[in-house]
Amino acid sequence: MERVKLAVLLSGGGTNLQAVLDQIDQGALSAEVVLIASNKEGAYGLTRGGQRGIPTAVFQRQSFPSKDQRDRELLRALKSSGADLVVLAGYLGQIPGFIIEAYPNQIINIHPSLLPCFGGKGYYGEKVHQGVYNRGMKVTGATVHFVSEETDGGPIILQEAVGIDFEDGVSDIQQKVLTLEHRLLPEAIELIAEGRVEVIGNRVKIRER
């Protein structure tokens, strides 16, 4: 099976990127990371890629005359990389419509909750887990979904839940969910690489092997 080429976008430490790279190294994921891009200079995820000789790029808003120009340069970089699939792995930037149109059902995101709960505008990073904690949820989880123009509103590929104990603080919840993320994101990529993911309306069907 031909390996799927990935462009990974991130804004922080890149632990989900590392989970993908680890699965590739172990032969469990038929993929190759061809580009790592960030909207934040100094994001450690860039270092993870650079140490392996993977091309990296930074697209900070302040480095461009406008957000539109920044996003168009990002699209050029994605196209130049030859990526088949764009993976948002802790990317806090907004993906504009013209990039989504250029990669229809070829952009996926990992979100640290059971969407549609605690998703959408304002829910990212630790704010998601704080919201879960404040609401007194008994379960939370992680979701891998395709990216659409509605924030966190695209078709859901995979979801998994994890229980929350009364004694769990925000950081405990975050760690439980992160463990799920590190497993679900590579799993979703492998399903796509195998051609087993079919989008029907706003739902995803996973075909049997």
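Laboratory data are not the source of any read-out in this text; all were calculated from the coordinates shown. Everything numeric in this text was worked out from a predicted model, so none of it was measured. Positions of Cβ are generated from backbone atoms using ideal geometry, with glycine treated the same way; all protein chains shown enter the neighbour counts.
State, to one decimal in nm, how far the label point of Tyr44 lies from the label point of Thr15, with both points 7 Å from Cα in the Cβ direction.
0.9 nm
Can you say what percent of the DSSP beta bridges in the chain, counting only those with both residues inside, are antiparallel? Round to 5.
Percent antiparallel among DSSP bridges in the chain is about 45.
List the relative contact order of the chain as a percent without decimals, with contacts defined as Cα pairs under 8 Å and 6+ residues apart. Walk me through the numbers before you get to the answer.
Working: 387 pairs, mean separation 41.1, N = 209.
Computed over the chain, the figure is 20 percent.
For a quick check: with amide H placed at 1.01 Å from N, whose amide H comes under 5 Å from Asn39's, ignoring anything fewer than 5 positions away on the same chain?
Leu10, Phe59
Between segment 2-29 and segment 47-92, how far is it from one alpha carbon centroid to the other, in angstrom?
Answer, in whole Å: 15.
Around Gln62, what is the net charge, scoring Lys/Arg as +1 and Asp/Glu as -1 over all other residues with Cβ under 12 Å from its Cβ?
+3
Output wanted: per-residue J couplings in Hz (rounded whole) for segment 124-136, from phi through Karplus 6.51 cos²θ - 1.76 cosθ + 1.60, θ = phi - 60°, x for Gly and Pro.
Going residue by residue, I get 8, x, 5, 4, 5, 5, 5, x, 4, 5, 4, 7, x Hz, with x marking Gly and Pro.
Each residue of segment 96-103 in turn: what ³J(HN,Hα) in whole Hz from Karplus with 6.51, -1.76, 1.60 and θ = phi - 60°, glycine and Pro shown as x?
Values, residue by residue: x, x, 6, 6, 4, 5, 6, 10 Hz.
Specify, per residue and in Å³, the volume enclosed by the convex hull of the alpha carbon atoms belonging to segment 71-110.
68 Å³
In a Gaussian network model over the chain where Cα atoms closer than 10 Å are linked, find which of Pro186, Pro65, Pro112 has the largest mean-square fluctuation.
Pro65
Cα atoms only, the chain: Rg and Dmax in Å?
16.5, 49
Kindly provide log₁₀ I(q)/I(0) values, in the same order as q = 0.22, 0.24 Å⁻¹, from the Debye equation applied to equal alpha-carbon scatterers of segment 110-209.
The computed values of log10 I(q)/I(0) come out as -1.10, -1.23.
Once amide H atoms are built 1.01 Å from N in the peptide plane, which residues 5 or more positions from Glu160, or in another chain, come under 5 Å H to H?
Distant-sequence amide H within range of Glu160: Ala142.
Below 13 angstrom from the Cβ of Asn16, what's the summed charge of the other residues (Lys, Arg +1; Asp, Glu -1)?
It works out to a net charge of -1.
Helix-only mean residue ellipticity at 222 nm, the chain, DSSP H runs n ≥ 4 weighted -39,500 (n - 2.57), per residue, nearest 500. What is it?
It comes out at -11000 deg cm²/dmol, rounded to the nearest 500.
Could you give each residue of segment 51-56 its phi-based ³J(HN,Hα) in whole Hz, using Karplus coefficients 6.51, -1.76, 1.60 with θ = phi - 60°, and x for Gly or Pro?
For segment 51-56, the Karplus-derived couplings read 5, 9, x, 7, x, 10 Hz, x marking Gly and Pro.
Quick one: compute a quarter of the convex hull surface over the Cα atoms of segment 1-103 and quote it in nm².
In nm², the orientation-averaged hull projection of segment 1-103 is 6.3.
If I take every Cα pair under 8 Å that is 6 or more residues apart in segment 1-103, average their sequence separation and divide by the length, what percent do I get for the relative contact order?
37 percent
Defining a contact as two alpha carbons under 8 Å apart and six or more residues distant in sequence, what relative contact order in percent does segment 110-209 show?
Result for segment 110-209 is 27 percent.
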